[in-house]
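The values are calculated or read from the model by the stated rules, or taken from the named source; none is laboratory data. This is a predicted model, so every value here is computed, not measured. Note: ideal-geometry Cβ built from the backbone for every residue, glycine included; neighbour counts use all protein chains shown. Remember, those area values only see protein heavy atoms, side chains included, never the ligands or the DNA or RNA. Shrake-Rupley method; radii C 1.70, N 1.55, O 1.52, S 1.80 Å.
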Amino acid sequence: MAPDARTRRDDGKPLKKHAVRILLGVAVLLVFLAHAAGWSRLRAIDQLEAFAYDARLLLTMPRTVDPRIVIIDIDEKSLAEEGRWPWRRDRLALLVEKAFDRHHVAVLGFDIFFSERDASSGLDVLRGLAEGELKGNAQYRAALESITPKLEYDRVFAESLKGRPVVLGYYFSNVLTDKEGIAIGAIPKPVLPAGTFTGKRIDFSSYPGYGGNLPELQAAAATAGHVTPWTDRDGVHRSVPMLAEYKGAYYEPLALAIVRLLMDSPPVKPGYPSDGLLTKNYPGLEWLEVGNLRIPLDQGANALVPYRGAEHSFKYVSATDLLHDRVPLEDLKDKIALMGTTAPGLQDLRSTPVGPLYPGVEIHANLIGGMLDGTIKQKPPYVLGAEVFLLLATGIIMAVVLPFLNPLKATLVTLGVLAAVVAGNLAIWNSGNLVLPLASGLLMVVMLYALNMSYGYFVETRAKRQITGRFGQYVPPEIAEEMSRDPERFSMEGESRELTVLFSDVRGFTSLSEGLEPKALSRLMNAYLTPMTEVIYGHRGTIDKYMGDAIMAFWGAPIEDRDHARNAVLAGLEMQITLKSLETEFRANGWRPLTIGIGVNTGRMSVGNMGSAVRVAYTVMGDAVNLASRLEMLTKKYGVTMIIGEETRKAVPDVVVRELDRVRVKGKDEPVAIFEPIGLQGSVDKETLDRLKLFAQALKFYRAQDWDKAELQLLNLQKAEPECGLYQEFIKRIAHFRSAPPPPGWDGVFDFDSK
């Protein structure tokens, strides 16, 4: 069968059908692209990204102890033995001397700053007495001068620092006074001077003030590094500013200062990719070169802290044990020593990905180990472009593919994409040491999946309900369900299609109805129409309408059915069988058994919503429909239950039929052959087949105007089937033609002047 207009219109339907879902998916993609590009940052995505970073870190960190670094801990034990903090500077001087002279540490870093003078010796009071009550006492003055060097604890501490690889700590501050930052004490020279990054768009951590060390301490120490706390928006320490900006110059952190001192203080050099990779707006600073080390930076010149594990990933030594020689010499020999505190009261516990209360000194230890091992994760500025590309590629695939998949396939594809994104990201994390955004991609995939599932549930189920509402009164539930799977394929708009239509009518219904009460008549019609409808539905038919006792149904619309003619014929045959099975029930109710006539015809007809502005119905119209109605009426004339048209006969070659006649019905010039379907091939008994052959012979004699032979065959058939009115109809015609012969050239067609 050649494709009709409906088929041609469906050629571009799939894309059009899913256009809304695809556009919604693209809209979701644009939201994530805007976030990735920094045009519209979404805090929720940033928080999820931080969580994803922490999860990867926890999953892959080595959880080993770094033997090169030792932490000299001002712990609760030390405070209990030495007294509350701050300790006298001469005690700190003793600690420095023991660390270097007894234990031979390689370098000592203080995660502590000394911005205030130590007045705990009482020297200021003694000097006040010398200028006051004891001003003229020469003996007192002499004694004071002799003990002053021992009581100048800051000088004693400074002397202990001189000539030793000691790194002090200091901090930068955002505190302002009259729009000026507060500067306390002294800080070292910057590692990079002002103007180093002129013309570069780098988001440095910039500060207006600082809290440094006493000038004599800073001068005595080898160098110093800032211990400025750097937290993400969720308050978690994940990175450290490797270059903190103050008045245009750039300063190193404590960890970098220690590593440089350990390496004989090589210069710090900014690292840029080759010029061919740079664009006009690309900041370019991707790493710092320190001797043979390369330290990766993010777009804010921060380094991600490569946490080794939970707290105590480094050996801890109690400060009081060091002062009292209770530490084995080998524990500190040639080690990098960091002095800090884990005592809760000293408030140097930080929130980190590996613990909510993590010693701040251990953050510096992790960073030192990462720089020496080259394990600091890279998160260069070009990650922004990589994120945009990955989101674009993944988002387009998901937005375009998911709408075409059923829920199961969509779920499997989504799980596959999620697994691929996670696996690829982890592979790059491990092998490439590169941190690519993960949460944004995963969240986008999940949202696109949720969007498609929600759209399918809320929008498409609404369309399914509409299609069920539209066609539920016409077609069986299983066909309505089949239609609801792709509702956009079906429309109630009028169109021309090849269909098969069936009319059935109860014989003698008028006289039957006149003898019944309305309620009894209603019960009778329900008892008849219900099983007849079930038969039609069982053969995928569409009920057009009930007209009193009459039924009009058609096949091939709204859902396409290539076997529409066969299904209609089989439905008609089953209707006859079903009607016979109802006889017992009818007699039990005092009703006489019903007889029906069925007409079936196939042809091109108009189908769709038709009617007026007030009322419309989904129906079929056309000459082929009218002919089916005429065929139903002819069943009474020929004494048969069912008649099918010539086009229907051609479409059901596996059905045994009896050709009844060639007729010209009222309103039609062209004659049509009409047939009575008997049953499927193989199901008709031999006796019936023999009678069909005899009737075909009689029909051949009749059309040849050999009235005697035709009449003889018909009389013999009538003896075998006296109840069949078909034979009597032709016997009457032969008698008529004997007295009034047909005109010359008669073609055997019988004309019906009435409907």
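Roughly what angle does helix 564-581 make with the longest principal axis of the chain, taking Cα atoms, 0 to 90 degrees, to the nearest 10?
70
Restricting the count to DSSP beta bridges whose residues both fall in the chain, what percent are antiparallel, rounded to a multiple of 5?
Around 65 percent antiparallel, to the nearest 5.
Summing Lys, Arg as +1 and Asp, Glu as -1, what charge do residues with Cβ under 11 Å from the Cβ of Glu729 carry, Glu729 excluded?
So the surrounding residues net to +3.
Any of Lys519/Lys545; Lys77/Lys135; Lys162/Lys315; Lys247/Lys333; Lys666/Lys732 with alpha carbons more than 32 Å apart? Name them for me.
Exceeds cut-off: Lys77/Lys135; Lys247/Lys333.
Using only Cα atoms, tell me the angle between helix 407-431 and the longest principal axis of the chain; keep it within 0 to 90° and round to the nearest 10.
Helix 407-431 sits at roughly 20 degrees to that axis.
With the calculation restricted to Cα positions, what are the radius of gyration and Dmax of the stretch 311-406 in angstrom?
Calculated on Cα positions, Rg and Dmax stand at 23.0, 76 Å.
In terms of modelled amide H atoms, which long-range or inter-chain residues lie less than 5 Å from the amide H of Leu434?
Amide H neighbours of Leu434: Gln378, Trp429.
Go through 583-593, 78-88 and give me the packing order, highest mean Cβ count within 10 Å leading.
In descending order of packing, they fall as 78-88, 583-593.
Taking amide H atoms as placed 1.01 Å from N in the peptide plane, list the residues 5 or more away in sequence, or in a different chain, whose amide H sits under 5 Å from that of Arg507.
Long-range HN contacts for Arg507: Thr595, Ile596, Gly597.
Please report the Cα spread of the stretch 286-362 along all three principal axes, rounded to whole Å, starting with the longest.
46, 32, 19
Taking only the alpha-carbon positions of the stretch 152-223 and ignoring solvent, what does the Debye formula give for the base-10 log of I(q)/I(0) at q = 0.12, 0.22 Å⁻¹?
Values returned for q = 0.12, 0.22 Å⁻¹ are -0.44, -1.01.
Go through Pro270, Phe113, Asn213 and say which Cα lies farthest out towards the positive end of the charge dipole of the chain; charges sit on Cβ, +1 for Lys and Arg, -1 for Asp and Glu.
It is Pro270.
Restricting attention to the alpha-carbon atoms of the stretch 374-463, what are Rg (one decimal) and Dmax (integer), both in Å?
15.6, 59
Quick one: Karplus J couplings for the stretch 68-81, per residue in order, coefficients 6.51, -1.76, 1.60, θ = phi - 60°, nearest Hz, x for Gly and Pro?
Rounded to whole hertz, the list is 7, 10, 10, 9, 8, 9, 7, 9, 4, 4, 5, 5, 5, 8.
Return P(r) of the stretch 163-302 (all Cα-Cα pairs; 10 Å bins starting at 0; whole %; ordered from short to long distances).
Reading the bins upward from 0: 11, 40, 35, 12, 2.
Put +1 on the Cβ of each Lys and Arg and -1 on the Cβ of each Asp and Glu in the chain; which of Pro241, Leu372, Leu712 then has its Cα farthest toward the positive end of the dipole?
Of the options given, the answer is Leu712.
Could you run the Karplus curve 6.51 cos²θ - 1.76 cosθ + 1.60 with θ = phi - 60° over the stretch 550-558 and give me ³J(HN,Hα) per residue in whole Hz, x for Gly and Pro?
Couplings: 8, 10, 10, 9, 9, 10, x, 8, x Hz.
For the stretch 656-755, take the alpha-carbon Rg, divide it by the Kirkwood Rh, and send me Rg/Rh.
0.98
Work out the length of the dipole vector of the stretch 228-363 about its Cα centre, built from +1 on the beta-carbon of each Lys and Arg and -1 on the beta-carbon of each Asp and Glu, and round it to the nearest 20 debye.
The dipole magnitude comes to about 180 debye.
Quick one: accessible area per residue over the chain, 1.4 Å probe, rounded to a whole number of Å²?
48
Report the accessible area of Arg733, computed with a 1.4 Å probe over the heavy atoms of all protein chains in place, in Å² rounded to the nearest 10.
10
No solvent, one uniform scatterer per C-alpha: report log10 I(q)/I(0) for the stretch 88-129 via the Debye equation at q = 0.19, 0.24, 0.27 1/Å, two decimals.
Relative scattering, expressed as log10 I(q)/I(0), comes to -0.70, -0.88, -0.98.
With a 1.4 Å probe and all protein chains left in place, how much of the accessible area of the chain comes from carbon and sulfur atoms, in whole percent?
56
Let me check the size of the chain from its C-alpha atoms; what are the radius of gyration and Dmax in Å?
49.7, 174
So what's the back-of-envelope 222 nm ellipticity for the chain, counting only DSSP H runs of four-plus at -39500 (n - 2.57) apiece and dividing by all residues, rounded to 500?
-13500 deg cm²/dmol
What is the dipole size for the chain, taken about its Cα centre, with +1 at each Lys and Arg Cβ and -1 at each Asp and Glu Cβ, in debye to the nearest 20?
It comes to approximately 1620 debye.
Near the amide H of Ser318, under 5 Å away, which other amide H atoms are found, from residues 5 or more places off or on another chain, if H is placed in the peptide plane?
Hits under the 5 Å cutoff: Asp73.
Please list, short to long, the whole-number percent of alpha-carbon pairs of the stretch 219-310 in consecutive 10 angstrom bins beginning at zero.
14, 43, 32, 10, 1
Could you calculate, for the stretch 41-129, the ratio of the Cα radius of gyration to the Kirkwood radius, expressed as Rg to Rh?
Radius of gyration relative to Kirkwood radius: 1.20.
Eigenvalues of the Cα gyration tensor times 5, then square-rooted: what semi-axes does that give for the stretch 100-154, in whole angstrom, largest first?
34, 15, 5
Got the relative contact order for the chain handy, in percent, Cα pairs under 8 Å and 6 or more residues apart?
With pairs under 8 Å counted, the relative contact order is 11 percent.
Binning at 5 Å from 0, report for the stretch 500-582 what percent of all alpha-carbon pair distances ends up in each bin.
Values per bin, smallest distances first: 3, 14, 26, 23, 16, 9, 5, 3, 1.
Can you list the HN-Hα couplings for the stretch 362-377, worked out from phi with the Karplus curve (6.51, -1.76, 1.60; θ = phi - 60°), rounded to whole Hz and with x for Gly and Pro?
Values, residue by residue: 6, 4, 5, 4, 4, 5, 4, x, x, 5, 5, 8, x, 9, 6, 5 Hz.
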